[in-house]
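No lab work stands behind these numbers, since they all come straight from the coordinates. The structure displayed is predicted, hence computed values, not measured ones. Cβ atoms come from the backbone with ideal geometry, glycine included; neighbour counts cover every protein chain shown.
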Amino acid sequence: MTLLRHTTADVKERSGLTINPAKTCQPIGAMYAALGVRNCLPHSHGSQGCCAYHRSTLTRHYKEPVMAATSSFTEGSSVFGGQSNLLQAIENIFTIYKPDIIAVHTTCLSETIGDDIPQIIAKAKEEGKIPAGKFVIHVNTPSYVGSHVVGFSGMVKSLVDYFAVATDDKRRTINIIPGWVEPSDMREIRRLTAALGVETIIFPDTSDVLDAPQTGQRQFYPDGGTPVESLRKAGDSLSTIALGLSASGAAARALDAKCKVPCDILELPIGLRATDRFIDALRRAARVHVPEALNRERGRLVDVMSDMHQYFYNKRVALWGDPDQLVALSEFLIDLDMRPVYVVTGTPGREFEARMARVLAGKISEAKVRQGSCADMFLMHQWIKEQPVDLLIGNTYGKYIARDENIPFVRHGFPIMDRVGHSYFPTVGYQGGLRLLEKILDAVLAHKDRESSEESFELVM
Amino acid sequence: MTTDNSRPDPAKTNDLLVEAYPPKLAKKRAGQMVVNRKTPDGVVPEIKANIRTTPGIISQRGCCYAGCKGVVLGPTRDIVNITHGPIGCGFYSWLTRRNQTRPESPEDANFMTYCFSTDMQDENIVFGGEKKLRAAIQEAYDLFHPKAIAVFATCPVGLIGDDIHNVTREMKEKLGINVFAFSCEGYKGVSQSAGHHIANNQLFKHVIGRDDTVGPGKFRVNLLGEYNIGGDAFLLEDLFERCGITLVATFSGNSTIGKFENAHTADLNCVMCHRSINYVADMIEKKFGIPWFKVNFIGAEASAKSLRKIAAYFQDEELAARVEKTIAEELAAVKKVQDEIRPRCEGKTAMLFVGGSRAHHYQELFTEIGMKTIAAGYEFAHRDDYEGRRVLPTIKVDADSRNIEELVVEPDPVKYQPRLTWEELSARGLPHNDYEGMMPEMDEGALVIDDISEHEMERLLELHKPAVFCAGIKEKYGIQKHGIPCKQLHSYDYGGPYAGFQGAVNFYREIDRMVHARVWALMTPPWQTVSKPLLNAEWVRA
Ligand code: SF4
Ligand code: SF4
């Protein structure tokens, strides 16, 4: 029996129906970004269901408490607007949950109604509902535009809009906008910059928030997250390195426009060459030397790439997820002489195709790349039915295809709801590259072990 | 072990829970928190429930759409359920509720692994989404040729005025299959509860009663409000079969639309989760004359009692004998495990805050291993789920729920066929359309809190340090960070099944595992646990 029994190779163009989406809605991204700010409580301005869904999904991915409040719209508020809900929420939150910052994002309901959030925040201030030294910030996240990645990008940009200031006190720090990556990745980026001896401001930073230790004493706001003070000072940094155009580009450009901090927008440092470019950019920006330890780290990654080449060579890979991840992963796969043949993201945007074209650059002529509406996992599965692949890379939902088609599967991206590890072990940097290789090899070789005949069962690989 | 003496006075606890609130909110919450008391005739204090959550409160609650699409319709495998709205709502309700299903053959339809959405875009919000919805239904039909297509509205749909019922009516005519819609926009009502009601209404209007074929079986029942989380319904199907009871339809675990269409040919409706499905039970009774009563298959004793109720209803000696035989076999096995686990768990305390029936049902299981429920409450229940249906006439419908349609149901001129009168039911010692609620079954002095907030939960944990806390995914890891295990009672933490007798055994073992896990004693590094003088002494020795 098959799990996705109604999927056939017969591809029909669709204009109305999305099936098994490769994206979700904006607010969840805004919520995730806001969790990377110290003592910040995300707030969902809409009916409480959205907030419940976003918290549940993030919790399933991180296995950590994900706190966020909601304006709990009723039918009345959807007729008269949500101003009084938000005012009441702000007052209650500061009294009960005592954050330093409330990070408001909208939902399709409040967007359709047209609530004017800055005006409501101004009113809250006027009415004394925002205690001294505390902040309410916002981002508009209409779910009928873009995707969760856009919501993330929007909230990160809001951090710049609300907090960054240029003063005369210029610093030698480099801002790093890590993009939508895991807490483990943010921690790894911090480790790499420290290894280079670069002083950085990283925002947002969900490490120590969504991978908080178990001590038996709960801290409602864990110790992690970028402090407001650092967000302010980002305006005085030497420059910004933004990782991932889709998730981090907007904030980097806003910071440039607002505080004249020049930016370098790179792909996520997933894989060898993207990490090289990141390290190189850091080196140049901060005028430091790359320590030998990092060269050796790089060497270890190249070593495994060359030693294990036979297992990667010419393997056809289908991947789905978010643009920044897909572009970086594809480049890495090609460097391994693998073939990313199907690449799908629900996140709309032409620039994704351009970026993918640059990476594929005639090397994988058979590649099919799709973005936007109806670019979904159903379509990708149909392509697989047409012509199979050797490996799947994507979020948890891939397990249904993996099982039906008996294809090795590496979990990467969001959400991963059925495994742990992503919070603790990075996939960025050279170390992250090694982990990816390990995961790919594990998946491919376990499959080989399971499927090979008795006489061809190998002891040594 | 936590003993009663070390816990603060329940009456004072409530004040402590709301101490940090602004006065107005504290006052409102006070109405939703009571200390349980019982008069000799089973009357309990009034609790406010099914009222809106105050903005800014971190609540457990979800929305109307979740209750409708997620809870009630989600477990049915052969309907193509299209979420009409932006992508999020459909994405989040995609396979996340663990409703298991078992298609009868490899050819049988099963769409539960799929997520269908119209993924509304900017232009659909501005110019309306009906055209896109129509296209989506057509495309679903062309690709899958399902028996039925259902459409679920999310928040913006109502606001922009898409007439989804008109679109589905048109498409039903055009395609010749059942196509129907649910106006379950997330802002309706105050919780998932509104969605349950809307789901019940539409199932009743568009599905139930369409197929009059009377299948085999002498004792034909429906099981209502059992959603087959973790395979609960599979265990119950098996149990019923062994007793000789024919299950016509389950609403809606492991179900098909065909079963719903045929449900009115059963002779009894057994209601598990009262909150989510009582409307269907009531409407079926009014239209077709099938009585219902409450059953509970969570807990071994409760399961035995429920089976006996069914046997009593049918007044058949053979059935009664088979039921007794099955109970005896099962209880013997259950007893063995109880005897093993009870001494280890006896006297430990539990708190349950979840859903609309489980906070009640699962107390049974704790009692069976000697554990004590010291606080409980629902996420989206109404007063009748707390105090019993006797209070129904006194419940005032407020502005937030007023727009949820109450269907007026008349006996069907042809198909109405009263099974048993009220008198006959009481002659058999059976209640009529009754649910006594959670509070009459709880201890005096236990805390009952409706729609508990994250803050209140935190305070409860600090004040009472229960041995185990039952809640949902959003609460789970915050609770565990206190060093207290949390059992999820929506998803069962990907364990279960917990229904029936075998399920009870699974649950005892699960709780035993959780409260005795060695990890709870390993939170503190040794260098932080060693008391000072000892540390010095060791240091001196070194
Ligand atoms: S799509 Fe809209 S209504 Fe649905 S969860 Fe996202 S914000 Fe909420
Ligand atoms: S109480 Fe639980 S089982 Fe019942 S409808 Fe609710 S979520 Fe479902």
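Here are a few things to note about the model shown:
- For A:Asp264, distant residues with modelled amide H under 5 Å away: A:Thr240, A:Ile241, A:Ala242
- At least 20 Å along the helix axis (C-alpha) and Kyte average at least -1.0, DSSP helices within chain B: B:130-144, B:192-206, B:274-288, B:300-314, B:317-345, B:500-515
- Going from the residue with the fewest nearby Cβ atoms within 10 Å to the one with the most, A:Ile241, B:Ile395, B:Ile125 rank B:Ile395, B:Ile125, A:Ile241.
- Each principal axis of segment A:340-461 carries a Cα extent, and these read 48, 36, 30 Å when sorted largest first.
- Sum of side-chain charges, A:Ser143 neighbourhood, beta-carbon under 12 Å (Lys, Arg +1; Asp, Glu -1): -2
- Scattering curve values for segment A:120-179, log₁₀ I(q)/I(0), Debye with Cα scatterers, q = 0.12, 0.13, 0.25, 0.27 Å⁻¹: -0.46, -0.54, -1.06, -1.11
- With the convex hull drawn over the C-alpha atoms of the protein assembly as shown, the volume per residue is 199 Å³.
- At 1.306 mPa s and 10 °C, Stokes diffusion of segment A:174-295 via Kirkwood alpha-carbon radius, µm² per second: 107
- Projecting the Cα atoms of A:Ala446, B:Ala446, A:Val228 onto the dipole axis of the protein assembly as shown, where Lys and Arg carry +1 and Asp and Glu carry -1 at the beta carbon, places A:Val228 farthest toward the positive end.
- Kirkwood Rh (inverse of mean 1/r, distinct Cα pairs), chain B, angstrom: 24.6
- Computing FRET efficiency as 1/(1 + (r/R0)^6) for B:Ala135 and A:His309, where r is the C-beta to C-beta distance and R0 is 60 Å, gives about 0.80.
- Compared with the rule-of-thumb size 2.2 N^0.38 Å for a compact globular protein, chain A has a Cα radius of gyration ratio of 1.00.
- In this structure, B:Ser426 and B:Asp238 have a Cβ-Cβ separation that, at R0 = 25 Å, corresponds to a calculated FRET efficiency of about 0.20.
- Treating r as the C-beta distance of A:Lys448 and A:Arg350 and R0 as 30 Å, the FRET efficiency rounds to 0.15.
- Over all orientations, segment A:5-60 has a Cα convex hull whose mean projected area works out to 6.2 square nanometres.
- Residue order, fewest to most surrounding Cβ atoms within 10 angstrom, among A:Cys263, B:Cys273, A:Cys51: A:Cys263, B:Cys273, A:Cys51
- Dimensionless Rg over Rh [segment A:26-145; C-alpha; Kirkwood]: 0.94
- Out-of-range pairs (alpha-carbon distance over 23 Å; input A:Lys12/B:Lys147; A:Lys399/B:Lys476; A:Lys98/A:Lys123; B:Lys24/B:Lys487; B:Lys24/B:Lys48): A:Lys399/B:Lys476; B:Lys24/B:Lys487
- Alpha-carbon centroids, segment A:185-251 and segment A:8-52: separation in whole Å: 23
- Positive end of the dipole of segment B:309-379 (Cβ unit charges, origin at the Cα centre): among B:Phe353, B:Thr367, B:Phe314, the Cα lying farthest that way belongs to B:Phe353.
- Simple point charges give the picture: +1 on the Cβ of Lys and Arg, -1 on the Cβ of Asp and Glu, and for the protein assembly as shown a dipole about the Cα centre of about 1700 debye.
- Alpha-carbon Debye profile of segment B:242-339, log10 I(q)/I(0) at 0.11, 0.15, 0.20 Å⁻¹: -0.37, -0.67, -1.08
- Listed residue (A:Cys374, A:Gln26, A:Ile407) projecting farthest to the positive dipole end of chain A, Cβ model: A:Gln26
- Histogrammed with a bin width of 5 Å, the alpha carbon distances of segment A:87-138 distribute as 5, 20, 32, 24, 13, 6, 1 percent, first bin at zero.
- When each of B:Asp122, A:Asp236 is scored by the number of other beta-carbon atoms lying within 10 Å, the sequence from fewest to most is B:Asp122, A:Asp236.
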